[in-house]
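The structure appears below as C-alpha cells.
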Protein chains: 2
Amino acid sequence: MSSQHSYTNVDKRLVKSYFDSKIYIMTETAEIMKVNPDIQKERDAATIDMEELAVIIYGKEQLSKKRKLEDAVFNDPDYKCVPSAFLSREEEYEEGLRKSSLAVLKQSKLSDLIEDHKDIMAYNSNVSSINVLFDLNYGMFATTVLGQGTTEQQAKWLIPSLSHEIIGTYAQTEMGHGTFLRGLETTAHYDPNTQEFILNSPTISSIKWWPGALGKTSTHAVVLAQLYTLGKCHGIHPFVVQLRSLDDHKPLRGITVGDIGPKMGFGPNDNGYLKLHKHRIPRTNMLMKYSQVSPDGTYTKPPRSTLTYGTMTFVRVLIVHGSAIALAKASTIAIRYSAVRRQSELRPGEPEPQILSYPTQQHKLFPLLATAYAFHFVQLAMMKIYTDVNDQINNSNFSRIQELHALSSGLKAFTSWVTNAGLEVCRMSCGGHGYSQASGFPRLYADFTPSCTYEGENTVLMLQSARYLVKCVRDARSGKTLPGTVSYLSEDVSAVHSGGSSGRDLSNLDFLISLYKQRASNQVHFASDKVDRGISAGMDLVGALNSASVHLVSAAKAHSHYFIAKTFVESLKLLKASSELQNVLHQLASVYVFEGIAQSSGDFIEDYILSGSEAKTIRQLAVDLLPLIRVNAVSLVDAFSFRDEVLQSVLGRYDGNVYENLFKWAQNSPLNKTDVHPSYHKYLGPLLKRNQSKL
Amino acid sequence: MSSQHSYTNVDKRLVKSYFDSKIYIMTETAEIMKVNPDIQKERDAATIDMEELAVIIYGKEQLSKKRKLEDAVFNDPDYKCVPSAFLSREEEYEEGLRKSSLAVLKQSKLSDLIEDHKDIMAYNSNVSSINVLFDLNYGMFATTVLGQGTTEQQAKWLIPSLSHEIIGTYAQTEMGHGTFLRGLETTAHYDPNTQEFILNSPTISSIKWWPGALGKTSTHAVVLAQLYTLGKCHGIHPFVVQLRSLDDHKPLRGITVGDIGPKMGFGPNDNGYLKLHKHRIPRTNMLMKYSQVSPDGTYTKPPRSTLTYGTMTFVRVLIVHGSAIALAKASTIAIRYSAVRRQSELRPGEPEPQILSYPTQQHKLFPLLATAYAFHFVQLAMMKIYTDVNDQINNSNFSRIQELHALSSGLKAFTSWVTNAGLEVCRMSCGGHGYSQASGFPRLYADFTPSCTYEGENTVLMLQSARYLVKCVRDARSGKTLPGTVSYLSEDVSAVHSGGSSGRDLSNLDFLISLYKQRASNQVHFASDKVDRGISAGMDLVGALNSASVHLVSAAKAHSHYFIAKTFVESLKLLKASSELQNVLHQLASVYVFEGIAQSSGDFIEDYILSGSEAKTIRQLAVDLLPLIRVNAVSLVDAFSFRDEVLQSVLGRYDGNVYENLFKWAQNSPLNKTDVHPSYHKYLGPLLKRNQSKL
C-alpha cells in the first residue's frame, strides 16, 4: 500500500506543476525530482509557444474551463484508486459504480463550475476515461424521452432520470442485428383488451445485446421493438420498459437481464442483455410524440421519417472528435517517450541517440501527429456544418440533410479507421514497453476501437456515403446544382491537371488539394460508371450498387480524404497565430498532404493526376520535412494539454521520468503482494520437490 | 456452475464429431443440436476435399499426430476450466501454473505419444494457447546451457532443468535496452580473491524487465551481463544465477524479483523484473563453452562471434510460422461467422444475405485467407533454407549466414506486420461481436502482437535486412556472385518490362512475379543509390544509411514481398494435389498476387513496371476472383483443422451455432453470479433511494 500511496502522491504533485512548467518537482520525501533532461531540452529548444497553440486548439475560455474541471476531479482524493489495469473485472465495475455515484453527489455541490450538460460530460470524462455508467441515462434515455415522448411522458421519466431516481439506458442492438435497424426482431404486440403492449424476444438472436449499463445497473430502458397492432406490423418504435424493481433492484417478471461478459475494453461497463418474455407494459409506455397507438389500437404514423437523422449525425461528429483526441493522446505518449528513450549506438563511443531522432521513428509518428491536428480542424468544421444544417432544419429547410448524413458517415468511418491503425503504430513505436498496460496504449486502443463498429459499421457507412455521391453524379448530369461539400462532382476536373506537365509546384498545398479533388472526383465517377454499366447489363440498382461496392468504398474514402486535407489547409489560413506558429502548423499540414499522396500514390498516378517521378518527389518532400517538425514535436503534443491522469501512461509522463515510474507502477501488481505467490505451495513446490526427493 | 458445466460438455461432444463431419450432435439433454444449416450448405457445396487439403498443409503423419496430441489434452477433464476471459490476472497465473505442473506429470505417462521435444511443445501449446510457464525453461534456459555451457555445466543445470528440479528462464532484456544488445547495462565484475562474479544492476534502466516466468516462477536464470575482469570490459556474456531458494522459493540475498504487471495479453505469464545488488556467484557460473575467465581473471575470447545467429534465425522462422497460424485462426473465425451471420435486406421481402456474400466482406477476408496460405508455404520454404544453411555451417561453410539472417529478419517483420493488421481486419469484419472476448479475437490479437516487437523490433529488422541488400548491390557491382535469394539484384531487370506494352498477360502469375522482382530490384537500387549519394555528399556510411532509412525499410519490404509471392506460386507447382484443389489454390495465389499489386500500385506504376490502366485491370481481376473463392471459403478454413478448443471462439465454432452459445458463454460472467450485484447495496441503492425519499 505504501508504494501505491506514494504513486498517487507523486502524480498529484506533477499535476500541480504541469501547467507551471517548472523544472523541479518536490516529492513527498523532499527529494528533488528533476524533469528528464532530454525532454526538457526539447521544450527549451522549441520555436513555438505551447500555450499559444493550446489556446488555439481549445479556445481561451474553454481551455480555462477544461483546466478547472480537471482540477475539480483530479485534485479530489475521493476519486483516487489503484490503476484500473490491476483490477479484476468485478472490481472495475464496482469502482466504476462508486465513481459514477460519487460524481452525481459531487456535481450537485459544484454549481459554480458545472453550468450545463457539456460540463457534466466533461467532468464525467475526467472521472472515467471510458464513460460513467450513467452516461446513457442522460445521453440516450433522457434524450430519447425528451425527443420522442409526449409532455406527460417527459414528466413521468425525464425528471426522475435526471435526478437519479431511476437509471435508464437505450436498448436497440440485438444479438442478430446492429447497424441494420429494420432487421430488429423484438416485438411489441398491442392488446386492446388490457390496453397494454406485450413485449417478447421471439428468437435467441432477438435478445438485446450490448447496450451499455443494461446488465446490472439500469432500472429502465428505452426498448426498440417492432410494433404490432390490429394484426399489422408498423416497424420499429421506442417503448419505455422498467427492468428492475425500485425497491430491491430485482429484475421484474418477464425480464431477464445480465452482463454479456468481458470485452476487449470497456471493463467497468456492464454492457448487457435483455430477454423479454410476455412482458406487459401500459399503452402509454410507447413514446408517442410522433407515432401513436390509440386505446382501440389504431396506429398513427409519424409525419417524417428523417427526423432521427439529427442524433445519429451528431454522434458521428462526436466520433470524429473522439478520433482526433485518441490520436492526439497516442502521439503525446509516443513522442514524449521517444524523446527520453535512447537506443543503439550509431557510431562506437557516441551516446545512444534519442529514438525521436531516427528518421524511421519520425516517419512513423509525425504524419500521425499531423493527422491528429487535421482531425481536430475537421471536427470543428464538421460541427459547424452540423449546426448550420440543424438551423436550416429548424427553419424547415431539409435540403442538406442527405449531404450532412453522407459527409458525417464518411468522416466517422475514415477518421476512426485511420486512428485505429495509428494508435497501434504509436504503441509499437514504443517497443516492448508499449505492450505493458503501464504505457496506457492497450487500454487506449481497446476503448477506442469500437468506434469503427458502433454508430454504424464503417464499411456500411462508407457505402451509404458513396451511394449519395453516386446520386450526386446523376443529379449533376441531369443539370441539378450540387450542395457545398459535393459541388466539385459537377466540375469537369479531368482536364485541369495532367501529371508531369511542367511548372507544377509540388510543394504548394492549394495545388495538391486540387489533386486530391481530382482523385476523389475520378474515383466517384469511376464507381458511378461501374454502377451504370451494371444497370446497362441488366442488373437492378441494388444489384449494380452491390457489385460495385468495393469501388464505392474507395470512392467514399477518397471523398473523405479530400475533405479532410482541404479543411486542414483552409483552417490554417483563417487562424490568428504568430508567424512562427503559422509556419510550424503549415509544416504539419504539408506532411499530412504529402504523406496522403505518398501512401496512395497509385490512385494519383493511375489516373495521370501525377507522374511517377512527381509522386517520388512528393514522397521525398514528406521525408525532408521530418527533421523540421522534430524541433517542435514535444511542444506540439504538450499543446494538447493532456494531464498525466488523463493519459494514464507511465511512458507519456509530462516529466519524462519513465523508468523509475515503470518500476513503481509494477509494484501494484497483485502478483507482487507476497514474495512467494501462494500458488507455489499448491503446484510448483510439490513439483520441484517431488523430483528432488527422488534423487 | 451448471451452465458452465453444460458449456464444456457441449464442447467435448463437438470435438468428437469434429472430424467425423456429422451433421447432428447430441447434447446432454438428448436434444438434437443441428449444425447451423447455412454453414452446412457451404460445406456441402464445396468443390474441394477438405481432408485432402488438411493433409497437404500438415503432412499425413503429422496431421495424425497433431490430432492425437489434441485428444490427449482436450479429452482430459483435468485441464478443463472456465474460459480465461472470466479470470482475474492472479487466477490466470494460478491456473497457468496448475496446468503447467499438470502437463509435466501427464507427459511422463505418455511416452508412446510424446517422443521428442517437438511433441512436448505441441502438447503444451494445446494446454495453453500462449505458452506454458516452463517453456523458457526448456526453450531458452536449457538450450543456452547446452549451447554455451561446458560439459560440467551441462551436468549441473541441464538435467535438473529438464527434470524440473529447477525452473530456469533467460534474462536478457532490460528496462532500457531490448533489441540493441550491446547497450545492456547489467554488470558482472570478476573478483579473483574469492573467484566469484559480483552482479549488479547499476541503474534503474539496467533492471532486467520482461523475461517470461521470471517474476514468481523461475528458480534460476541465464543472466546476460557485461563482463568485467582485470579492469577491462569484455562485453555481454551469459551467467547462470540462482534466483530463489529451492527450499522455500524465497528470493536469495542480493536478488529482487517480481512481476512487471499486467500487459495487453499474456495474462498467465509472470513476465518479471530482476534487480541485482552485489550478488555473488561462483566463477564457474559463467557459461564457458566459448569464452572463459580463468581463476586469476584472465579472459579468453570466443572463436567466432556469429555462432549465436543460428538461434535468433530459428526463432524468427518460428515467428513466420506463428504469423501463418494466427492469420489462419482469424480467417477461420471470421469466415465461419460470416457464413452464419445474415444482415441487411438488399431488396424488400428477400431474406437477409449471409454477410459472406457481400463483395466488401469478401474483399476484406479472402486476401487475408490467401495470405495465411502464402505464409504457410513461406514458413516451410524458410525452414528448409534454415536447415540447408545449418548443414553448411556444420560443414564449416559460413557463406550463406548473412543471407539467411537478412531473409529471416525481413520475413519475420513482414509477416508479423501483415498478420497484426490482418487480425484486426478479421475481428472488425465480425461487427460488434468481434469486440467481445467471446469472439476469441481480442486474446488472439493481444497474444500475437508482441511478435512485431520481440526477437528484434520489426523496423530494426527491416533495416538490418536492407543493409544486407545494399551490400549485395555493391558486391554485384564489384563483380561478386550473389547467393540464392538475392541473386536477382545482379540482373539488369530495368529493361525487361515496360508498363503498358502490348501482349502482356496480366493474369499470368509467373509474369506478375517477375514484376514483383522488378519492383524489389528498383526499390533496393533506389535506396542503395540514396546511400551512395549521401556518401558522395560527405556523410560516413552510418550517416548515409541513417538518412536513407525510410527508403531502406521500403526496399526490404519489397524484397520480402517478392520472396513471399514467388514462394507461394512456386510451392503450388510442386504440390501433388487433385486438379480441383490445384485450381482453387491457384485462385488463392492469384488473389494474393493481384491484391499485393493493387495495394501498392504506386510502387509499380511510379517506375513504369505497370501502366495505370494495367494496375486497374489487375485490381479488377482480384475483385472478379472473390465470388469463385467464396464457393470453397469455409472448406479452405476448415482445412486448417483448428479444434474449437484451440480457437476459443464462440463466433468461429465449427457447428456455427453462434447465438445460443454467445448467450451460454455470457452466463459465466462474474457479474452474473447474482441477479443484483453486491455493489448495488453499497452505491447505487443509496443513490436512487436518497432521491426517492426526498420526494
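The values are calculated or read from the model by the stated rules, or taken from the named source; none is laboratory data. Source: prediction; values computed, not measured. All Cβ positions, even for glycine, are placed from backbone atoms using ideal geometry, and neighbour counts span all protein chains on display.
Tell me, please, whether a residue that is within 12 Å of chain B (Cβ to nearest Cβ), without any contact (Cβ under 8 Å) to a residue 24 or more places away in the chain, surrounded by 22 or more Cβ atoms within 10 Å (Cβ to Cβ) and not polar (S, T, N, Q) can be found in segment A:666-679.
yes
For segment B:277-288, which positions are buried (at least 18 other Cβ atoms within 10 Å of the Cβ) and either assigned to a loop (DSSP other than H, G, I, E, B) or among the small types (G, A, S) (or both)?
B:L287, B:M288
Considering each residue of segment B:570-608, count those that are outside any helix (DSSP H, G or I) and under 21 Å from B:E52 (Cβ atoms), and give that number. Let's see the steps before the verdict.
Our first condition is that a residue be outside any helix (DSSP H, G or I); within segment B:570-608, this holds for B:575-578, B:600, B:607-608.
Imposing the further condition that a residue be under 21 Å from B:E52 (Cβ atoms) reduces the set to B:575-578.
Matching residues across segment B:570-608 total 4.
Filter segment B:71-116 for residues that are in a loop (DSSP other than H, G, I, E, B) and within 12 Å of chain A (Cβ to nearest Cβ) and give the result. Spell out the reasoning first.
Quick first cut of segment B:71-116, residues in a loop (DSSP other than H, G, I, E, B) only: B:75-76, B:80-83, B:87-88, B:108-116.
Matches in segment B:71-116: B:V82, B:P83, B:L87, B:S88, B:S108.
Go through the residues of segment A:624-633 one by one and say whether even a single one is crowded, with 24+ Cβ neighbours inside 10 Å, facing chain B (nearest Cβ under 10 Å) and touching a residue at least 40 places away in the same chain (Cβ under 8 Å).
No: segment A:624-633 contains no residue that is crowded, with 24+ Cβ neighbours inside 10 Å, facing chain B (nearest Cβ under 10 Å) and touching a residue at least 40 places away in the same chain (Cβ under 8 Å).
Restricting attention to segment A:515-555, report how many residues are aliphatic (A, V, I, L, M), within 11 Å of another protein chain (Cβ to nearest Cβ) and either farther than 20 Å from B:Q620 by Cβ or part of a helix (DSSP H, G or I) (or both).
Number satisfying all stated conditions: 6.
Out of all the residues in segment A:120-132, is one or more farther than 27 Å from A:A438 by Cα and among the aliphatic types (A, V, I, L, M)? Explain how you work it out, then say what you get.
Start the filter on segment A:120-132 by keeping residues that are farther than 27 Å from A:A438 by Cα, which leaves A:120.
If we keep only those that are among the aliphatic types (A, V, I, L, M) too, we end up with A:120.
Yes, segment A:120-132 has at least one match.
Restricting attention to segment B:85-113, and to residues there that are surrounded by 19 or more Cβ atoms within 10 Å (Cβ to Cβ) and in contact with an Asp or Glu (Cβ under 8 Å, 6 or more places away or on another chain), which single residue is farthest from B:F134 (Cα to Cα)?
Per the stated criteria, the residue is B:L87.
Do we have B:K471 as surrounded by fewer than 19 Cβ atoms within 10 Å (Cβ to Cβ), part of a helix (DSSP H, G or I) and more than 14 Å from every other protein chain (Cβ to nearest Cβ) here? Quick ask: steps written out before the conclusion?
On the way: surrounded by fewer than 19 Cβ atoms within 10 Å (Cβ to Cβ): yes; part of a helix (DSSP H, G or I): yes; more than 14 Å from every other protein chain (Cβ to nearest Cβ): yes.
Here the answer is yes, as B:K471 does meet what is asked.
From the list A:T229, A:T203, A:T217, pick out the single residue that is of a type in the set (S, T, N, Q), over 23 Å from B:D675 (Cα atoms) and modelled with pLDDT of 95 or more. Can you show your working first?
Values: A:T203 fails: over 23 Å from B:D675 (Cα atoms); A:T217 fails: over 23 Å from B:D675 (Cα atoms).
When all the criteria are applied, what remains is A:T229.
For the condition in contact with a Ser or Thr (Cβ under 8 Å, 6 or more places away or on another chain), small (G, A, S) and more than 9 Å from chain A (Cβ to nearest Cβ), what is the one hit in B:S641, B:S590? Working first, answer last.
Numbers: B:S641 fails: in contact with a Ser or Thr (Cβ under 8 Å, 6 or more places away or on another chain).
The unique qualifying residue is B:S590.
Of all residues in segment A:385-419, which are modelled with pLDDT under 95 and of a type in the set (K, R)?
A:R400
Would you say A:G267 is in a loop (DSSP other than H, G, I, E, B), touching a residue at least 60 places away in the same chain (Cβ under 8 Å) and under 31 Å from the mean Cα position of the chain (by Cα)?
yes
I need the full set of residues from segment A:169-195 which are farther than 24 Å from B:I355 by Cα and free of Cβ contacts under 8 Å to residues at least 12 places away in the same chain, in order please.
If the condition is that a residue be farther than 24 Å from B:I355 by Cα and free of Cβ contacts under 8 Å to residues at least 12 places away in the same chain, then A:N193 is the only one that fits.
With respect to B:D248, determine if the residue is more than 29 Å from B:P192 (Cα to Cα), surrounded by fewer than 17 Cβ atoms within 10 Å (Cβ to Cβ), out of contact with any Cys (no Cβ under 6 Å at 6 or more places or on another chain) and among the charged types (D, E, K, R). Give the steps one after another, and end with the answer.
Numbers: more than 29 Å from B:P192 (Cα to Cα): yes; surrounded by fewer than 17 Cβ atoms within 10 Å (Cβ to Cβ): yes; out of contact with any Cys (no Cβ under 6 Å at 6 or more places or on another chain): yes; among the charged types (D, E, K, R): yes.
Considered against the rule, which asks whether it is more than 29 Å from B:P192 (Cα to Cα), surrounded by fewer than 17 Cβ atoms within 10 Å (Cβ to Cβ), out of contact with any Cys (no Cβ under 6 Å at 6 or more places or on another chain) and among the charged types (D, E, K, R), B:D248 comes out as yes.
Only one of B:G685, B:G602 is under 30 Å from A:H164 (Cβ atoms) and at the interface with chain A (Cβ under 9 Å from one of its Cβ atoms); which? Step through it out loud before you land on a result.
Working: B:G602 fails: under 30 Å from A:H164 (Cβ atoms).
Answer to the selection: B:G685.
Within segment B:531-590, restricting attention to residues that are within 29 Å of the chain's Cα centre (by Cα) and of a type in the set (K, R), which residue is nearest to B:V634 (Cα to Cα)?
The qualifying residue nearest to B:V634 (Cα to Cα) is B:K576.
Can you pull out every residue in segment B:590-641 that is within 30 Å of B:K65 (Cα to Cα) and charged (D, E, K, R)?
Correct list: B:D638 only.
Restricting to helices (runs of 4 or more DSSP H) lying wholly in segment A:612-695: which have 3 or more residues that are within 37 Å of the chain's Cα centre (by Cα) and within 21 Å of A:K41 (Cα to Cα)? Walk me through it before giving the result.
Working: elements: A:612-638, A:644-647, A:658-666, A:685-694.
Ranges flagged: A:612-638, A:658-666.
Hey, among A:L662, A:L651, which residue is more than 7 Å from chain B (Cβ to nearest Cβ), modelled with pLDDT of 95 or more and either out of contact with any strand residue (DSSP E or B) (no Cβ under 7 Å at 6 or more places or on another chain) or surrounded by fewer than 23 Cβ atoms within 10 Å (Cβ to Cβ) (or both)? Working first, answer last.
Values: A:L662 fails: more than 7 Å from chain B (Cβ to nearest Cβ).
Only one candidate qualifies: A:L651.
Taking B:I260, is it touching a residue at least 12 places away in the same chain (Cβ under 8 Å), surrounded by fewer than 19 Cβ atoms within 10 Å (Cβ to Cβ) and within 14 Å of chain A (Cβ to nearest Cβ)? Write out each step before concluding.
On the way: touching a residue at least 12 places away in the same chain (Cβ under 8 Å): yes; surrounded by fewer than 19 Cβ atoms within 10 Å (Cβ to Cβ): no; within 14 Å of chain A (Cβ to nearest Cβ): yes.
Judged against the criteria, B:I260 is not a match.
Looking only at segment A:73-123, which residues are among the polar types (S, T, N, Q) and either touching a His at 6+ places or on another chain (Cβ under 7 Å) or closer than 26 Å to A:S669 by Cβ (or both)?
Applying the first criterion (among the polar types (S, T, N, Q)) to segment A:73-123 yields A:75, A:84, A:88, A:100-101, A:107-108, A:111.
Within segment A:73-123, A:S84, A:S88 meet the criteria.
Regarding segment A:130-150, can at least one residue be identified that is aromatic (F, W, Y) and in a helix (DSSP H, G or I)? Spell out how you get there, then give the answer.
Let us first name the residues in segment A:130-150 that are aromatic (F, W, Y), namely A:134, A:138, A:141.
If we keep only those that are in a helix (DSSP H, G or I) as well, we get A:138, A:141.
Scanning segment A:130-150 turns up at least one residue that is aromatic (F, W, Y) and in a helix (DSSP H, G or I).
Limited to segment B:173-231, what total is found for residues that are of a type in the set (V, I, T) and within 11 Å of chain A (Cβ to nearest Cβ)?
Narrowing segment B:173-231 to residues of a type in the set (V, I, T): B:173, B:179, B:186-187, B:194, B:198, B:203-204, B:207, B:217, B:219, B:222-223, B:229.
Filter once more, so that each one left must be within 11 Å of chain A (Cβ to nearest Cβ): B:173, B:179, B:203-204, B:207, B:217, B:219.
The qualifying residues number 7.
In segment B:341-395, which residues are free of Cβ contacts under 8 Å to residues at least 12 places away in the same chain and among the basic types (K, R)?
Within segment B:341-395, B:R347, B:K384 qualify.
Look at B:Q464 and say whether it is within 14 Å of chain A (Cβ to nearest Cβ) and over 28 Å from B:T332 (Cβ atoms).
Answer is yes for this residue.
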